[in-house]
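Have a look at the structure below, then the notes.
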């Protein structure tokens, strides 16, 4: 579950992480009122669950409350990466002395929780790591025995900080770590963590993702999730992980690694994924039926690749769901299914009987190559 910036900041503030003064608005007049409360000098930021808002023109500075309605009206009529702008965050304009990066992630390669810290904030941490690797500090966190405040001080000190500022930055790191563990987050990122010229330190932005599998433990208020995309909302109801992307090839996989590997191979042959969809291990006829229909509701989808592996879980029932879904589509896109594992022969037979192309190689490259062939044939 991804939180919008203002939602993440609400969570931050409730857990001792200071944020700028601001207000969420949904109209031009509300923007004027919010700007007036801040003395006229403000920044208006669109609230959408994707990055790159600034480059897309979704962040604007104003010098007076009178500017707010016109600027807000334009922002509220924007669409960024397929998401319509419904809300803005109107915040105080900040006099920045220093931008820092602070974040916690679950490393997908190792499964470890890692705290990342860099005195070079305000830009992608991946870019900093590539250009100035000596400026990115990592600390592996044991969730069963998280470090106390005093152990985080030497970690933050590596950024060249000392005195009162070191203590305050350490407090931010400690509070963020406590929030990350208590709320079962997958990502908790402050970029930039801003040191103001008046001495205050505030979270200039928020990126927060909560583990869907742990939502039942936390009872988030309804306003902590707003489905800006109908397909992602439907995916949540189905019980699959779905992220809409900008390409035209639908992707369904029975695991996150399998899905991302498939997407990488598509990119290598010049095909752009239209989505990421992970079914998880519970492959049933109804789940695969709904997942297939969901992916194909995206009008951009002109090809579909399904990559399944069944260990303990048999996959032949999922094949029935795929066939049922494709038969209901008119027209149906070219479809290739790579399926291996428990009851694979029965799965292949069901798919072939339904007119669906099956690849029984262990190489996902073979499935991608077959999809390219099918799509080329369809264009002729």
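Details
- Stretch gain in nm, segment residue 217-residue 137, where the contour uses 0.36 nm per residue and the Cα spacing is subtracted: 25.6 nm
- For the chain, the longest principal axis of the alpha carbon atoms and the long axis of helix 364-379 meet at an angle near 80°.
- Share antiparallel - DSSP beta bridges, the chain, percent rounded to 5: 75 percent
- Taking the fewest neighbouring Cβ atoms within 10 Å as the starting point, the ordered list for 327, 135, 244 is 327, 135, 244.
- Between residue 184 and residue 109, the distance separating the two model label sites (each 7 Å from Cα on the Cα→Cβ line) works out to 2.7 nm.
- Using alpha-carbon coordinates, inclination of helix 344-353 to the longest axis of the chain, degrees: 70 degrees
- Distance between the C-alpha centres of the range 1-59 and the range 318-351: 45 Å, rounded to the whole angstrom.
- Of all beta bridges that DSSP places with both ends in the range 231-380, some 20 percent have antiparallel geometry.
- Mean residue ellipticity (222 nm) of the chain, computed from DSSP H runs ≥ 4 via -39,500 (n - 2.57), nearest 500: -11000 deg cm²/dmol
- Summarising the label geometry, the points placed 7 Å from Cα in the beta-carbon direction at residue 236 and residue 84 lie 1.7 nm from one another.
- Note on the chain: with a GNM built from Cα contacts shorter than 10 Å, the maximum mean-square fluctuation among 93, 55, 45 falls on 55.
- Projected label distance in nm at residue 144 and residue 70, using a 7 Å step from Cα toward the beta-carbon: 6.2 nm
- Axis angle, to the nearest 10 degrees, between helix 5-14 and the longest C-alpha principal axis of the chain: 60 degrees.
- When 254, 162 are arranged by Cβ crowding within 10 Å, least crowded first, meaning fewest neighbours, the order is 162, 254.
- Shown is the FRET efficiency for residue 376 and residue 41, computed with R0 = 41 Å from the Cβ-Cβ distance and rounded to the nearest 0.05: 0.15.
Read the figures in this text as sums done on the coordinates, not as results from a lab. These numbers were taken from a predicted model, which means no experiment stands behind them. In this analysis, Cβ positions are derived from the backbone assuming ideal geometry, glycine residues included, and neighbour counts consider all displayed protein chains.
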